[in-house]
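The values are calculated or read from the model by the stated rules, or taken from the named source; none is laboratory data. Worth saying up front: this structure is predicted, and the values here are computed from it rather than measured. Note that we place each Cβ from the backbone using ideal geometry, even for glycine, and neighbour counts take in every protein chain shown. Side chains are part of the model used for accessible areas, which takes the heavy atoms of the whole protein and leaves out ligands, DNA and RNA. Shrake-Rupley method; radii C 1.70, N 1.55, O 1.52, S 1.80 Å.
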Amino acid sequence: MTTTTTSGYLIRRLQDAPTVPCPCGQSTRPLTLADTPACNLHVTFIKDSERHYHRLCTEVYLILEGSGRMELNGDIVEVSPGTVVYIEPGTRHRLSSAEGVRTVVFGVPALHPEDEYFD
């Protein structure tokens, strides 16, 4: 993985970031808790994620490709490219799509593995 770090910043190309399986699908993770506790940035391909919530992390989803339905505390909203979804801690959420959705997920503070709770 090619990463440039120096005092005050980090640079990583998306193609150099690891892609890992996650409860949402496949997630490419150029910025994680291992890099900084401040925030995370993941690019995730989702077909049918598990309903979950975070107690600490606020998430922002930016839909890049595909369309689907996002469940937010029991409400269902349609999402498509250009849709931005702001998700506060404690909000139960999941995304489903027959074709799959590619989305940027930005989290503050950085998602900690223990801060993912499933119904």
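Here the stretch 21-32 is the region considered, the condition is being at pLDDT 95 or above and open to solvent by less than 60 Å² (accessible area, probe 1.4 Å), and the residue that is nearest to the chain's Cα centre (by Cα) is S27. Here M70 fulfils each of the conditions (1) surrounded by fewer than 18 Cβ atoms within 10 Å (Cβ to Cβ); (2) under 22 Å from Y117 (Cβ atoms); (3) among the aliphatic types (A, V, I, L, M) apart from (1).
On the given criteria, is T58 over 20 Å from Y117 (Cα atoms), of a type outside the set (A, V, I, L, M) and open to solvent by less than 60 Å² (accessible area, probe 1.4 Å)? Considered against the rule, which asks whether it is over 20 Å from Y117 (Cα atoms), of a type outside the set (A, V, I, L, M) and open to solvent by less than 60 Å² (accessible area, probe 1.4 Å), T58 comes out as no. Would you check if there is a residue in the stretch 11-20 being assigned to a loop (DSSP other than H, G, I, E, B), among the basic types (K, R) and in contact with a Pro (Cβ under 8 Å, 6 or more places away or on another chain)? Within the stretch 11-20 (the criterion being assigned to a loop (DSSP other than H, G, I, E, B), among the basic types (K, R) and in contact with a Pro (Cβ under 8 Å, 6 or more places away or on another chain)), the answer is yes, since at least one residue qualifies. Summed over the stretch 8-20, residues that are of a type in the set (S, T, Y) and either open to solvent by less than 60 Å² (accessible area, probe 1.4 Å) or over 20 Å from V101 (Cβ atoms) (or both) total 1.
Contact annotation: residue pairs with Cβ atoms under 6 Å, 6 or more positions apart or on different chains, pairing a residue in the stretch 28-51 that is within 14 Å of R12 (Cβ to Cβ) with a partner that is among the β-branched types (V, I, T) and part of a loop (DSSP other than H, G, I, E, B), are N40/T32. Any residue at all in the stretch 90-101 that's closer than 26 Å to Y9 by Cβ and part of a strand (DSSP E or B)? No: zero hits.
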